[in-house]
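Taken together, the values in this text are just the output of simple stated rules run on the coordinates, not laboratory data. Because the structure is predicted, anything quoted here is derived from the model rather than measured. In this analysis, Cβ positions are derived from the backbone assuming ideal geometry, glycine residues included, and neighbour counts consider all displayed protein chains.
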Amino acid sequence: MVARDRRREPRAGEKRGSETGPSPVDRARSGSKHHLLVDATGIPLAFTLTGGNRHDVTQLLPLLDRVPAVAGLPGRPRRRPDQLIADRGYDYDKYRRLLRARGIEPVIAQRGSEHGSGLGSVRWVVERTFAHLHQFKRLHVRYERRAEMHEAMLAIGCCLLCYRRLKLIPQ
């Protein structure tokens, strides 16, 4: 018999997982970002996971593409919202044009304008959903090295938010 150390030390470069990057606001510590697209009541419609150094606007179109079809009325199922409300980080003419080409009206705060544009009265819905998601410790602090595992935890968190919301609705 040979005595061994029970703990396995991580090799160099193994501590960080995929879909991580240096955060521009947290002294370049590696981390991940959750990107959410929610409806008017805060129910998550689509989500993505990226490194902490990726800009938010790069995930705008992939999020819109991930929205599932909405069943209900006869005819072709609806796949896009009427309008998209976003903060200053999404204020680029290119993305405004791409949204209009998809038939979506962009309601985005202008960069360089004073705060108090009025979008805060509807943007809080997204921030509330982030707060509810980050109450799950596995989403608030990333323990998983593999991005697929963390994305699965994010999907479970979104499912739990939807379940809790539907449970409150009287039948």
| query | From the residues VAL141, CYS159, VAL125, which one has its Cα farthest along the dipole of segment 65-171 in the positive direction, the dipole being from +1 and -1 charges on Cβ of Lys/Arg and Asp/Glu about the Cα centre? | reply | CYS159
| said: Under 5 Å between amide hydrogens, which residues at least 5 positions from VAL38 or on another chain qualify, with H placed 1.01 Å from N in the peptide plane? | reply: LEU45
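Taking the Cβ of GLN59 as the centre, find all other residues whose Cβ is under 11 Å away and add up their charges (Lys, Arg: +1; Asp, Glu: -1).
The answer is +1.
With a ≥ b ≥ c the root eigenvalues of the C-alpha gyration tensor of segment 71-132, is it rounded (a/c under 1.5), prolate (a/b larger than b/c) or oblate? Kindly include the intermediate steps, with their values, before the conclusion.
Numbers: a/c = 2.86, a/b = 1.42, b/c = 2.02.
Oblate, because a/c is 1.5 or more while a/b does not exceed b/c.
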| remark: Here the relative contact order (percent) of segment 73-131, from C-alpha pairs under 8 Å and at least 6 apart, is 37 percent
| Candidates per trypsin sites (Lys or Arg not before Pro) in segment 70-129, loop by DSSP, up to 11 other Cβ within 10 Å | ARG111
| request: Counting other Cβ atoms within 10 Å, keep those with at most 10, restrict to DSSP loop, and tell me which GluC sites (Glu not before Pro) in segment 87-171 are left. | output: GLU114
| remark: With the label point 7 Å along the Cα-to-beta-carbon line of TYR92 and a cut-off under 14 Å to each amide N, the hits in segment 28-60 are 54-60
